[in-house]
Every structure is written in C-alpha cells, then in structure tokens.
Amino acid sequence: MNKLQKIFTRCCQENRAALIIFCSCGYPDMESSEQAIETAINAGADIIELGVPFSDPMADGSIIRKASEVAIRNGATLPKILDMAERLSKRHPETGFILFSYMNILYNYGLEKICRKLPEIGLDGILAVDLPLEEKEELAKPCQENGLHLIALVSPATPLERARKIMSEASGFVYSINVCGVTGVRDLQQQEIVEHLAVLKAHSTVPIAAGFGINDAQAAQRLSQIADGVIVGSAFIKILSGKGEFSQRLEAAREFIADLAKNVRRQP
Amino acid sequence: MMNTHYGIYGGQYVAETLMPALTELEQAYLEAKRDPEFHKEYQTLLKNYVGRESPLYFAKRLSQSLGGASIYLKREDLNHTGAHKINNTIGQALLAKHMGKTRLIAETGAGMHGVATATVAALLGMECEVFMGSLDVQRQAVNVERMQTLGAKVNPVSEGSATLKDAMNEALRDWTARFKDTFYLIGTVAGPYPYPMLVRDFQSVIGEEARQQCLDQTGRLPDQVIACVGGGSNAMGIFAGFCDYPEVRLVGVEAGGKGLDSGEHAASICGGKVGILHGCKTYLLQNADGQITDTYSVSAGLDYPGVGPEHSFMADSGEAHYVTVNDDDAIAAFDLLARYEGIIPALESAHALAYAIRIAADFPATTTFLVNLSGRGDKDMDTVRKFKQEQGA
Ligand SMILES: Cc1ncc(COP(=O)(O)O)c(C=O)c1O
C-alpha cells in the first residue's frame, strides 16, 4: 500500500475524512511558512498541499493571490520549497505531501526532473491546476515512471461521462471542486455539493476529496459525512495573514485546524 | 475533436472548471463555420458596419524617399473603431449571440480591443464588462471613456503588474464563475484552443483581401508581408492570405522596447523561452523561476509577455520570421508616415512600418512590401509627446 492509500484507509477505519491543508509556501516568508505547515501537521492535518506561488494564478481568489504575491516578493522559489518539503517529510513520515502549482512553474523546472525529484525527497504527488485531462500526458508519463500520484480535478461543471473518465485514470485521490469559480472562502450550497459528491463516489475507485470555499468547522463537518477528504486552503491562509504577531496568528491557525480535525469525524 | 496544438504549442491549459466552456465554444464555432446564415451575417456587418473591404494603398512618397522597395499599406486603420480588432469582435459576438449568451467580457491593454468589444456589445444589445490593468486605465483614459460611453463597465485590475496579463487573468477568473451566461471575447490569437483558431479565422479577412488587392494593383504577390506582433492577431490575419505561397516572406515584428539587451521589451519570441500562460504553451517572457516578467514597450498594444501559439510554431518551423523594432525606431516611423503620406499610424503598426523602412533601401523598387497598418494613431498622441519630451530632456 502506498502512503496516500494508507492515510485514507486509516481515516476510514477511524470513521472520519482525511484533513487536507493547502499552504502557500513562502508566505509570508520561507521560514514562517515552514512553521505554519509544521503547526498544521501537529494540529491534525493528514495531507499537506504545498502551494508553489505563481505570478499569474488564474484559478485563485484574492486570499491566495495576495499570499503568492508576497511569497514571490520575499524570495520563494521552487528549489527552496523543495528543500523545505524534504525537511518536513523527514520529520513527518506519516503525513502525505502533494506539490501544488501551475504548469509554467513545473515546466520551467522540467517535468521529468520534478517527477524524479519528488519521490526522492519523500513527496507523494503533484497537482497542476491548469492541466486538464486533455493535456495531462506530458506530466502523467513521468509521474507514472516515478511512482508519483498525479492528482486530478473534477468540478460541478464536469459532465458525468467526463468525470468518470477522469476518475478512472486518477491516482491517489480526486480533488472535487465545490463551486464553479476560483479559490476563496464563501458560503457553500452544501446540499448540492453533498449530492454531487455522492454521485462521484458511486463511480470512483479512488478517494474523493472536496475543496474550495470551506471556511469553517461546520462546512468541513457536513462535507466529511460523504467526502473521503476535505481540503482547506484560503481559510488557513486568511488566518495566517491576520493582524498581530506571527506567533499569535500561528496559534490561531493551530486552534482552527485542531477544530477542523475534530469535525471531520463522521456521525454514526 | 480537432487538433488543438500547433506542434508542441497551444493546447488547453486551463482549470477543469473551464473545460466544458471551451468544449461548448468549440462546438458552437464549428457549427457556425458550416452555417451560411452565420457567414452572411458576419460578411454583411463587415461591409456595412466596419466599412470593409479596407483599401490597399501604395505609399509612393514614403517609398521614393527611402529609395528602395515599394511599400503598400493594408489600411486596417480605416475600419470602424480604428483598428483590426473589430473584425474579431464582430465574429465572436455573433457567435456569443448564437450560443444564447447575454454578457460579453474582454481583457484589454491599450483599450482598442475593449472599445471594439464594447462597440459590438452595443450593436448587438449585450451586456459588456471589460477588464483592464489599473496602470492602463490611467495611461489610456480616453479609451476608458469611449468604452463607458458605449455602455460597457470597465473593471480596473490592480494586481500583479496591473497591465494586460493581469486583466486577462481576471477575465479568466470571471469566466470560470460565470460561463453559463457569459462569453469571453479574447482579443488576440492567444489563450486556450479554440481561441487561437477562431481569432485567426475572423482576422483572415485581412490577408484574403490583401492578396487579391496586391494581384489587382501590382499583378503579383508581394515579396514580403510585414506585421507587428503583440498577441499576434493582425499578423496572423494578414499571414493567413499568404500561407500557401512559400515564396512570400512573412515577417512578424515584436516590440524591442529599449532593446533586447536592456531586458525592457515585449519580444516573447525573440527574447523569451517556452512556457505556459493563459491556457496555451508558447514563447513567454519569464524569469529563471518561471515567474512571468513585466514587459515594456512604448506601444501599449504590444505590451504582452506571451504570443499566440501558432506564431511560436511558425517561428520554429521557419514559416515566418520574427524581428524586433525598438521604441525610437517605431516613433521615427510614426513621424515619417505622418509627414510623407498624411497617415498617423498606431504605435503598434509603426513597429511593422519601421522594419519595412529599415530594410527598404536594400531592395529595388520592383520589390513590394505589404505592411499591415493595423490601426490609427489618434490614441497615441499623448504617448508620443511624452516620449519625445523624455528623449529631449
Ligand atoms: C492597432 C493595433 N495593432 C496591433 C495590436 C496588437 O495586437 P495583435 O498582435 O493581436 O494584432 C493592437 C493591440 O491593442 C492594436 O491596437
């Protein structure tokens, strides 16, 4: 069993969804984001999505965009983020790690090269936001050769036939986007999302994780009843970008994630 | 499914949420292409509303003063709204209407595409929102007023470099959330497939007309076809008429800004490397980390860090040649055309003209250059005055 399978199996046995936390790496600077990820793991995150900032984040809402801009300005680069990822994965061998970015960042580094590198430093998968089924071959091939999961996405706009094809070729887990739109915190139409997740789950052999817009424990709890994982990003970054000393913000983030971790349990 | 790539370039690098929107667009376009009614509507508007065909004009005094090749101008500056952009916006807006969309969105840099979109929105009775970098909103105040007069809402985008690329990001974000009622009207041959194809098709009227006009006026095809390249739509449009004639040399002129070595330019092909932005793989201006870099050109319409994927392909294959012209040469060409021919060109078009001027004396008068005069220069008077003041100072 690979690590992601182990995580989802363990969560399933514990009768809960996996808690997946997205972090904008290098925000507000490299050292602080390493602390933030450390905090998220210690507070109960099962899987970390390591967001590599891109200058033109066309799929992101204002919170992550702002964080990306600050991170780039403060010197975040893919090589530095990989160094950080290696340290984190050594310290937390049970935690899952997914590298999360836009194609240009990966392409510029070299698709073969990144796919060789990630397993060496203990990462489990890779996700490129702007890489739909139609274009995935150039990244899917080196992923396969190196035993790396290429995380696929489906959205509410994806027709079922297409979703089935995406899920049948998926590896690791499928990222189900809760809303048509960009990342951010918002009020979700929870009932619709739950129904959509139920349809996906009926057709999928890999776990389904729900993300986009989840901003509190209540939303996480509702979606955890059906999703195999819930993904929280913007709400976490929003806390990190709040007022006060960074140590206080970290503490607030720890409490937030610990609360999420309690609420991903399924009701009997 | 058609081929969505040009060699390794092009493709559909978008978020999964946008894929159904692109598929819907492709299907609608392929249907429209086969529909004689659609063509008739399009052709009628080009004729009676845009004022096509646009003339081919022999710039005799300019050519004689240079003592070389004969320079012919394809007068896209005479179109309604003053540039080639309207050929594309009419085509796409008609398509939007056929698809039952009620709202048009567009990105704009210099404002010419925004004006052309606002124009067709008014013409067809559609809602219109234009995304524009906040820096460009300041630089192109007159075009902002034109768009507003035409009933469009202008949304300033203050993120990133607050210019065209950021406006395009924001338009894509808006579209991702609202594609059910909204049509994204892209202004150049970039973006995800099918945009590079359909924008090229709608602009190909330039090249088709120009080829026939050359034959009528000179009895033969031109030796060189020269056009400026921002995203590359006016160039692809005029090249389209000559792709089947390998004896015709196709030249795309990129904005050299303060010179390729200065780093301050917008020459994606001549000074960039391959990457992925706004849905397609193409030559891009980016730093060593893969972050898109700020571009610079005196001409706002050429100030874009990418280029249409088909141009990248044609550059590699040698089907077309790409060169750069710096700010000062473009300004000199702007003045020269005004003085010798009584035509004030857009600064974008002045780049193409400047290249023709640079090489004209190397050829005899029997050699003909066809230059795409993509737009008129009224919008640039302020910019040119400021440029000259700075140079003088
Ligand atoms: C007159 C004119 N020419 C050229 C361009 C550049 O666009 P493209 O390369 O797509 O023709 C613009 C863009 O605003 C323009 O206004």
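Every number in this text was worked out from the coordinates using simple rules, so none of it is lab data. Please read these numbers as outputs of a predicted model, since none were measured by experiment. Cβ coordinates were reconstructed from backbone atoms using ideal geometry, including for glycine residues, and neighbour counts include every protein chain displayed.
Each residue in the range A:58-71 was checked for being crowded, with 19+ Cβ neighbours inside 10 Å and more than 18 Å from residue A:151 (Cα to Cα), and 8 of them qualify. Just one of (1) surrounded by 15 or more Cβ atoms within 10 Å (Cβ to Cβ); (2) over 22 Å from residue A:45 (Cβ atoms) fails for residue A:174. It is (2). From the list B:257, B:230, the one residue that fits, being more than 14 Å from the ligand (Cβ to nearest atom), touching a strand residue (DSSP E or B) at 6+ places or on another chain (Cβ under 9 Å), away from chain A (no Cβ under 14 Å) and under 22 Å from residue B:188 (Cβ atoms), is B:257. For the range B:184-192, the condition of being out of contact with any strand residue (DSSP E or B) (no Cβ under 6 Å at 6 or more places or on another chain), surrounded by fewer than 24 Cβ atoms within 10 Å (Cβ to Cβ) and not aromatic (Phe, Trp, Tyr) holds for none of the residues.
Scanning the range B:159-169 for residues that are within 16 Å of the ligand (Cβ to nearest atom) and more than 9 Å from chain A (Cβ to nearest Cβ), we see that the one that is surrounded by the fewest Cβ atoms within 10 Å (Cβ to Cβ) is B:163. Looking across the range B:9-53, the residues that are assigned to a loop (DSSP other than H, G, I, E, B) and closer than 19 Å to residue B:204 by Cα come down to B:35, B:51, B:52, B:53. One residue stands out in the range B:233-254 among those that are under 13 Å from residue B:314 (Cα atoms), part of a helix (DSSP H, G or I) and not aromatic (Phe, Trp, Tyr): the one that is nearest to the ligand (Cβ to nearest atom), namely B:235. In the list B:172, B:73, which residue meets the criterion of being of a type outside the set (Ser, Thr, Tyr) and either more than 14 Å from chain A (Cβ to nearest Cβ) or within 16 Å of the ligand (Cβ to nearest atom) (or both)? Unique residue meeting the criteria: B:73.
Filtered by the rule that a residue be part of a loop (DSSP other than H, G, I, E, B), within 14 Å of another protein chain (Cβ to nearest Cβ) and either in contact with a helix residue (DSSP H, G or I) (Cβ under 6 Å, 6 or more places away or on another chain) or not charged (D, E, K, R) (or both), the range A:128-151 gives A:129, A:130, A:131, A:132, A:151. Counting residues in the range B:263-276 that are more than 15 Å from the ligand (Cβ to nearest atom), among the hydrophobic types (A, V, I, L, M, F, W, C), surrounded by 20 or more Cβ atoms within 10 Å (Cβ to Cβ) and not in a helix (DSSP H, G or I) gives one or more.
Out of the residues in the range B:343-379 that are within 9 Å of the ligand (Cβ to nearest atom) and either of a type in the set (A, V, I, L, M) or within 14 Å of chain A (Cβ to nearest Cβ) (or both), which is surrounded by the most Cβ atoms within 10 Å (Cβ to Cβ)? Among them, the one singled out is B:373.
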